1. Among H583, H844, H954, which comes first, then next, by fewest other beta-carbon atoms within 10 Å?
2. Which one, (i) 106, 76, 69; (ii) 201, 153, 80; (iii) 130, 75, 71, gives Cα extents along the principal axes in Å as derived from the coordinates shown?
3. If you rank L301, L134 by fewest surrounding Cβ atoms within 10 Å, what's the result?
4. Nearest 5 is fine: what % of DSSP beta bridges in the chain come out antiparallel, could you say?
5. Which of rounded, prolate, oblate describes region 583-716, given a ≥ b ≥ c as roots of the alpha-carbon gyration tensor eigenvalues and a/c under 1.5 marking rounded, otherwise prolate only if a/b is larger than b/c?
6. Which whole-number percent is the relative contact order of region 849-890 (Cα, under 8 Å, 6+ apart)?
7. Could you tell me which of rounded, prolate or oblate describes region 891-1023, using a ≥ b ≥ c as the square roots of the eigenvalues of the alpha-carbon gyration tensor, with rounded for a/c under 1.5 and, failing that, prolate when a/b is larger than b/c and oblate otherwise?
8. So what's the back-of-envelope 222 nm ellipticity for the chain, counting only DSSP H runs of four-plus at -39500 (n - 2.57) apiece and dividing by all residues, rounded to 500?
Amino acid sequence: MNKHVKLKLFILVFITFFCNVTNSLAQESNVTINVKNASLKEVFNAIEKQTTYRFSYRDVVIDSEENINLSKSNVTVQSILDEALAGRNLVYNIVSSKSIVISDQRQNPQNPQRQGTGRKSVSGTVTDSNGYPLIGVSVVEADNPSNGVMTDINGKFSIMVDNSASTLNFSYIGFEQVKLKLSGQTNLEVVLHEQVDLLDEVVVVGYGIQRRGSITGSIANIESSDIIKSPSSNLSNSLSGKLPGLRVVARNGMPGSNDAEIDVRGFGAALIIIDGIPVYNNNTNGMSQLDPNEIESISVLKDASAAVYGVKAANGVVLITTKRGKAGATKVSLSSTFTWQRPTIYPKMANAAQFVEMQDESAVNRGLEPVYGAEALAKYRTGEPGYESYDWYDAVVRDWSPQQQYNVNIRGGNENVSYFTSAGFMREEGMWKSGDHNYERINFRSNLDAKIHEGLSLAVSVSGRRENVNSPNQSITNIMAGIQKNFPMYSPYANNNKDYYARTNDIFNPLAYTDSDVVGYSNDRKYTFEGSVALKYDAAKYVKGLSAKAMFYYRYTNISDKTFTKKFSLYTYDEATETYNAHQVVSTSSLSEINYRDENRNFQGSINYDNTFGKHNVTGMLVFETRQNKENYIGAGRDFVIDAIDEINSGKTDGATNSGTSYELANIGYIGRFTYAYDQKYLLEFSFRQDGSSKFPKDGRWGFFPSVSAGWRISEESFIRDKYSFIDNLKLRASVGRLGDESDGWNSYSYVTGYTYPSGNYIFGGGALTSGLVDRGIANPYLTWYTSDLYNIGFDFGFFQGKLAGEIDVFYRKRKGLLATRAASLPGTFGASFPQENLNSDSHRGYEVALRHSNTLSNGFYYSVRGSMAYTRARNEYIERTPSAYQYTDWRNNTNNRWKNYTFGYKAIGQFQSYEEIAASPTQDDAGNTTLLPGDIKYLDYNGDGVIDDNDVHIIGRSNKPEYTFGLDLSAAWKNFDLSIFLQGAANMNVFYGGQLQVPFFNGENSIDAFYDRWRHEDIYDVNSKWIPGKYPSTYAAGKPNNTKTSTFWMQDCSYLRLKEIQLGYTIPASLSRKAGIETLRFFATGYNLFTITESELLDPESASTNGRYYPQQKSFSFG
């Protein structure tokens, strides 16, 4: 049996056994309550905190009278509600282990329905958008509000209506209300969709959760259902454009190495938090290879609300919450997805006829004889024997690369024990026809929550992941270079014999380079294990609202990289002797192995308080946290005489190498957060973090980082609430805070004097090498944290019962104390290495806008529109540098008080149309324009001195990071069909093409096909024939200096709009699927990166490549 099949069977058996055990432990729980002069909502909150129940009382007015006195211990929920609701004309219905519906006794949907002539019976099922039944949905006849029922545990209902054209209202807390007009139907399948904007929605924040309505910081979040739509094997790519303020740029599509660049508001690498634990080390961004099926939600802390995470949180925080168990019947979810993918775009190379024509043209333009001649060109154009053309890209890259994903989730529990277990397998093939490049991931996660004693609960989480990347032992740069370098008249095989890879005009044969049996292999394996255990004690029976929690977390990561380089040759064929001649490319086989280990330990102890006194709500949190990180690296390598056994021990001892190092870092933090809300209208939050780091000297080791935020729920004011019923939410909020950082770039322990050892080698006496040491330079006892001051103003709004909602944020960040040395501003004869100092400063500013709208029409058609846009730009405030000697050099080279993302160059104002225009134009080739031809690039004389030179260089473009990012999510559902379309884009970013994408035959290589559209003579062999205009300058091998300047001619506007995802799904009717024992069964088809609108002509606009030597981004089609 295949080892992967064995592993998947083992995991499935394990999680099935685990769930059976936890089910047997589950018992029904009781509640303890002790309240005086409490309101009904306070009673509900007390029950919710001790159970899995959530109360729904939509369309029911809950009075705010504070006249309930209860003191009961270890009693049922029913007994508490019986007493609390007495005399209030309210009744309750416990519709499931997690839902209690409160309704008006005078219009109780559970009352018997009256019978009468002409009345019709209508029945059906109500489910959510995932096909799961909804329990306790209110179904009411619109014209007869006293006539109503609720759905049962299977989501089913039956109601008698006045006539066959009645309208039924379906309502459920947290979901869009549906008004469905009957047209004679008697059996309905109704789908409810979650509300776009829900103020009671719980959002994960730093070290806790908050209701969305009470949040005063700038926080964006996304749910699991929006994440798993993407078929990308990398989670980071699935988030692009979906969270305002989270900038995601996908630079490549290589399996196992396609991590997107992620930052919050352009600040830099964000801190990743998974289930409350910071995840950071030097070999992963901590989130990319998570299985999206394990994730419940992702929140992004964008402003001073991130301050509670202290170290490394100055660039923002991404909070990932994995799924946990829920009370209810055990649910097993199985998903499988099959994907086929190919590059989004890649430049086509010139064929043999184009190559010959342009080579001859280049020679004629240089005043030389043609290389091939007109006769040979004619034969290449017709493809006569011996004059064939070979497509090297097509020889190496397959049309479609397969990918497959499987996942099983098991979720369930009851009031005492709940569990979630997940196992997944994913395999992604690379685009090489050899099939020697692939990525595999096997993952599991198990989360268990249990009440082990009155007030005491336990949470245990265990997860693991094995990742394996196999690839040929050649870099992507070399492989793509081979595609570009080889002339198209050469076959990849000597004499077209597939047993011999050809030595052509270059040693870079990409077909050989992608064959692991020829060049060797690289095998990268990564093992990750994570475990956490948490105890929480609810001390409400002693002090109302008081609880304490302790958590310990451990993560172990092991990365092993085995790289085997094989001795190999390429071949040419001698027709005269009919022999194959070997040309050695690699003369000696070698093997290198490295092993990297990373251990992280984290302890958190916290005390929490949450209580309401009339209209006053107060919460408090104090946390003590320690973090310890240890890293260890060791490597070894040997050359081989015989490479039959690819093990280190089989290699030669002569010339053997070894290396190793270790690293350790510790942090301690004291965290506090306090909130106050008056009548849910006026909101105030204060937080702080006191952090200590071993990187700094004793006097600068500790940093205090506070933040404060406030909010005003304008919509709760009587002058809004009583007059404008369509307004759900108007909230003004603001925050300010200071964060500290000691992230990458710091030289640890630079406050200590000493020596660096080993440093360099020396020969003494008999000639043996001896390791040396060198002075570390001047120590800096004053080095400390750099600080980030963040300011944010936001406005939230919601209208028409959640149908329209949005947020607007404006932000500014100022950083001080950034690291630099005085090497540029002090004499070079100083005589010692300069220490790092807190010298530089910079700033960021920007804004974000998000809008959401959803609605369900009377015919059951549901649609939603969600759009967001964000802008960010960074500026240097102070940069330590050598003072400029002249005003011009200061303008060119002084980066102080200047935007960071600019590029200097020449402005191209067209192409010369004639020799007369060349003669009449400013000199731009240092030779009186005598080297120029029609079609060559013409530049702006920026300073008007009649000469185009370095003095005409000015700012012409941006960097390759976008200033604007945006996304638009369109969804619709009708009956059993659902459709989602996601558009994503970016703007204000540039890439400057160079090398192979700037000139034909760069470094003696082939040319891209695009350069065939060029200025040329009508007869390329006759310099007196007329010029034919084209897009690019006339062919000049390796390029003229005039045409290779950094200029707007080669500047690509990489702004783009991309159809990121489109998915069409169909859910089998429940009445059919449940006959097979399946609660919900859905089939779907997904397209990813299907097309892009952009002015970037040759490469994907996100690539940032200037020459095309990278693994292209992929577009794909998936079915599952």
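1. Least to most surrounded, the residues fall as H583, H954, H844.
2. Read-out from the structure maps to (i).
3. Least to most surrounded, the residues fall as L134, L301.
4. Values: 379 of 396 bridges.
Bridges in the chain are about 95 percent antiparallel.
5. Prolate shape, in that a/c is at least 1.5 and a/b is the bigger ratio.
6. 30 percent
7. Because a/c hits 1.5 or more and a/b fails to exceed b/c, region 891-1023 counts as oblate.
8. Numbers: 15 runs with 116 residues, N = 1120.
So the calculated ellipticity at 222 nm is -2500 deg cm²/dmol.
Read-outs throughout are calculated quantities, based only on the coordinates presented, and are distinct from any laboratory measurement. Bear in mind that the values here come from a model prediction, so they are computed numbers and not experimental data. Positions of Cβ are generated from backbone atoms using ideal geometry, with glycine treated the same way; all protein chains shown enter the neighbour counts.
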